[in-house]
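Step one of this worksheet: look at the structure below.
The values are calculated or read from the model by the stated rules, or taken from the named source; none is laboratory data. Everything quoted here is computed from the prediction, not taken from an experiment. Quick reminder, even Gly has a Cβ in these numbers, built from the backbone with ideal geometry, and neighbours come from all protein chains shown.
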Amino acid sequence: MSGGNGSTDPAAALLDVRGLSVRFPTPRGLVHAVDDVSFTLETGETLGIVGESGSGKSVLARSIMRLTPSTAMTSGSVTFLGRDLGALAPRAARSVWGRDVAMVFQNPMTSLNPVMTIGRQLAEPLRLHLRSSKREARSRSVELLRSVGVPEPERRLDAYPQELSGGMRQRVSIAMAIACSPQLLLADEPTTALDVTIQRQILDLLSDLQRETHMAMVLITHDLGVVAGRARRVMVMYGGRVVETGPTESIFEDQRHPYTACLLAAVPRIEAPSHTRLAVIPGRPVDVVDPSPGCRFASRCPRAQPQCRHEDPPLRPVPERPEHSYACFFPVGSAEDRLALERHAVGDQARGG
Amino acid sequence: MSRVLPPEVPSSEIEDPSDPVGPDEGRSPIEEGGLGLLTTGTTGAGRRRRRRVAVWLAVGWLALVIGTALLADLLPLEPYDRIVRSLPPRSPIGLRLDEPLGTDGFGRSMASRLVYGARQSLLIAVVAASLAGAIGTVIGVVTGYMRGKVDETVGVLLDALLAFPALVLLMAIASIGRRDVTTVIVALSVLGVPGFARVARARTLALAEREFVMTARSMGATTWRIMFREILPNLMPVLLSVMLLVLAAFIVAEGTLSFVGLGVPPPQPSWGGMINEGRQSLRVAPQLIFTPAVCLVLTVMSFRVVGEWLGDRLDAGEGGR
């Protein structure tokens with residue numbers, strides 16, 4: 001279980017993503033939604049992918065599942081259990097999706113078909129992949145609903161999605177996703193559309209299921225709190241690129257990238273005195289249409305230097321911890337960083353005065 | 001009556017849904033007087049209420065027409081092609097109880113011809129609308145989901161079909177084929193396909209973006225399965241509403257064809273044919289034209305009222321999903 005970036009043997013990994021880039025041609029130009037992203041995932045492991053809206057995390061998950069629109073230009077490789085998913089014929093790929101790799105979507109209000117009963121939707125993957133009979137599928141559906149904590153599962157089978165609450169619907173979508181006991185679950189913001197109290201239940205459910213079935217999970221979220229304690233490793237994305245990746249504790253305690261630091265600072269603290277100003281990251285999420293070289297975060301970074309705007313910072317490991325890497329010329333806490341911050345402050349004064 | 005309403009559905013969808021439907025149909029005198037004191041006719045509540053009455057009246061009328069058409073053989077009616085010996089031709093409405101609607105120009109029973117005419121008109125309209133619906137929906141779903149070249153090519157063809165004046169197209173097809181029911185049905189079906197295809201395509205475009213389609217794809221469903229098991233059931237309600245509007249248009253279109261002499265061959269009755277035959281005696285016996293015309297207008301209006309009501313209900317229901 002070495003994890004890390006590039007430090008493992010790809011053949012041993014469950015999922016190995018290498019240099020994945022996804023680009024969309026738009027009238028405004030080429031959108032670099034995902035830019036040269038690599039990571040590996042081992043059996044039973046959880047990887048948290050964190051980033052704000054537009055950071056490319058959803059597109060990343062969808063391109064692993066080949067769910068991106070047909071206009072998307074994808075390069076790089078996605079290897080699942082030694083098979084290149086991108087090169088699979090549609091027929092072979094369909095036998096992997098739903099069976100070995102499944103996905104849970106953000107909005108349980110729209111991710112279920114409104115005109116099909118819960119039972120029929122649950123039976124679909126079972127009948128398709130496991131060739132279950134109608135009766136088998138039904139009894140397995142009841143089991144599945146029970147395992148995701150839906151009360152009175154027999155009655156719920158004949159219900160339509162709109163008869164259930166948001167939390168229940170998300171449980172049903174999770175039940176659908178785990179119907180064929182996949183080895184990898186991609187959860188794309190599974191709790192964003194839910195109430196805070198329900199969020200916790202759903203996350204706990206996912207952790208429990210993972211412990212029981214030993215499946216690996218990619219947990220995509222914009223909320224660092226969701227990742228804490230649930231993911232072994234975290235990958236922070238900004239503007240389609242990985243800016244920092246490493247073991248969760250290492251990221252939380254000793255982050256190197258200014259963006260990660262800003263994200264952590266922006267989490268409101270319950271123990272802070274009331275009326276404390278909420279920390280915000282100034283500026284807007286970066287526009288990744290035809291981007292010029294340079295760090296994507298430079299325009300919002302408190303310590304950006306000329307170098308940051310012209311040169312792409314490479315991902316490099318933290319000296320004493322090879323699993324933890326970051327992409328920044330002036331990492332938080334370093335001597336260069338202090339210098340950069342000072343220079344920045346002087347620049348601000350000069351501009352302001 | 002010589003104008004064919006093209007069964008072009010989008011135009012009726014664009015129509016202002018707040019437009020009070022069925023002029024006068026739903027306005028009972030009691031209700032007007034009762035509500036007039038408190039609310040003007042244009043407030044939401046009053047309008048909704050009037051509309052509900054209109055829908056009920058429309059449903060009642062349709063039930064009557066469909067019921068008599070279905071049960072025509074069981075009703076105490078003279079055969080539609082036999083001359084009633086005891087009455088002179090063109091005898092007026094209400095002269096005798098056993099022939100309440102009088103006789104036509106040849107002395108045949110108007111009541112019988114009206115009922116059998118309804119059967120003919122409804123049969124043609126329903127079969128043609130179903131055919132057009134089935135073909136148009138498949139075209140719409142496939143082009144809407146596949147997009148690309150197929151969509152563009154089919155789109156151009158359908159637009160060309162729509163750009164053709166409906167009546168000219170109808171008459172062209174009707175005059176090529178044999179003069180019988182099948183030809184009329186084929187002609188009307190061709191006319192109805194673009195309308196269904198457009199609506200089905202538009203809805204499919206919207207539905208294809210929904211996450212449940214993404215879910216189905218992520219579960220390994222085939223394109224075929226997504227189109228016809230996931231998307232198609234979602235289209236059913238809106239297609240039903242379109243179907244009613246198309247039925248209304250087809251009844252008019254069939255009447256028009258019969259009126260210009262390209263519809264069902266005599267002596268089989270149809271409403272359009274009856275109006276055509278009554279034309280010669282418009283001065284002396286206007287009821288020969290007015291009876292079938294009123295039936296036709298009421299039926300068409302009823303289909304539209306119900307269809308539009310259904311469409312609005314569905315639109316309102318969409319938000320809650």
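Identification of helices (runs of 4 or more DSSP H) wholly contained in the stretch A:165-267 with 2 or more residues that are at pLDDT 85 or above and within 17 Å of A:Ala102 (Cα to Cα) yields A:166-177, A:196-213. Looking only at residues in the stretch A:240-278 that are more than 18 Å from A:Pro331 (Cβ to Cβ) and touching a residue at least 40 places away in the same chain (Cβ under 8 Å), the one that is surrounded by the fewest Cβ atoms within 10 Å (Cβ to Cβ) is A:Val267.
Scanning the stretch A:287-344 for residues that are out of contact with any helix residue (DSSP H, G or I) (no Cβ under 7 Å at 6 or more places or on another chain), under 30 Å from A:Arg28 (Cβ atoms) and in a loop (DSSP other than H, G, I, E, B) yields a count of 12.
Comparison of A:Asp16, A:Asp35 shows that the only residue that is modelled with pLDDT of 90 or more and surrounded by 20 or more Cβ atoms within 10 Å (Cβ to Cβ) is A:Asp16. The residue that is nearest to the chain's Cα centre (by Cα), counting only those in the stretch A:35-61 that are in a loop (DSSP other than H, G, I, E, B) and closer than 21 Å to A:Asp100 by Cβ, is A:Glu45. Does at least one position in the stretch B:236-258 carry a residue that is farther than 28 Å from B:Phe212 by Cβ and aromatic (Phe, Trp, Tyr)? Checking the stretch B:236-258: at least one residue is farther than 28 Å from B:Phe212 by Cβ and aromatic (Phe, Trp, Tyr). Residues in the stretch A:148-164 that are without any contact (Cβ under 8 Å) to a residue 24 or more places away in the chain and part of a loop (DSSP other than H, G, I, E, B): A:Pro151, A:Glu152.
Within the stretch B:143-161, can one find any residue that is free of Cβ contacts under 8 Å to residues at least 12 places away in the same chain and more than 29 Å from B:Phe228 (Cβ to Cβ)? No, every residue in the stretch B:143-161 fails to be free of Cβ contacts under 8 Å to residues at least 12 places away in the same chain and more than 29 Å from B:Phe228 (Cβ to Cβ).
Listed here are the residues, each with its yes/no results for (1) outside any helix (DSSP H, G or I); (2) within 13 Å of chain A (Cβ to nearest Cβ); (3) buried (at least 20 other Cβ atoms within 10 Å of the Cβ).
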| position | (1), (2), (3) |
| --- | --- |
| B:Ser130 | no, no, no |
| B:Tyr145 | no, yes, yes |
| B:Gly155 | no, no, no |
| B:Leu158 | no, no, yes |
| B:Leu169 | no, no, no |
| B:Ala174 | no, no, yes |
| B:Arg198 | no, no, yes |
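State the number of residues belonging to the stretch A:162-220 that are hydrophobic (A, V, I, L, M, F, W, C), more than 20 Å from the chain's Cα centre (by Cα) and surrounded by fewer than 23 Cβ atoms within 10 Å (Cβ to Cβ). Total satisfying the criteria: 3. Here B:Leu37, B:Leu87 are screened, and the one residue that is at pLDDT 70 or above and of a type in the set (A, V, I, L, M, F, W, C) is B:Leu87. In the stretch B:208-224, how many residues are surrounded by fewer than 21 Cβ atoms within 10 Å (Cβ to Cβ) and either under 24 Å from B:Ala129 (Cβ atoms) or more than 8 Å from chain A (Cβ to nearest Cβ) (or both)? Of the residues in that region, 4 qualify.
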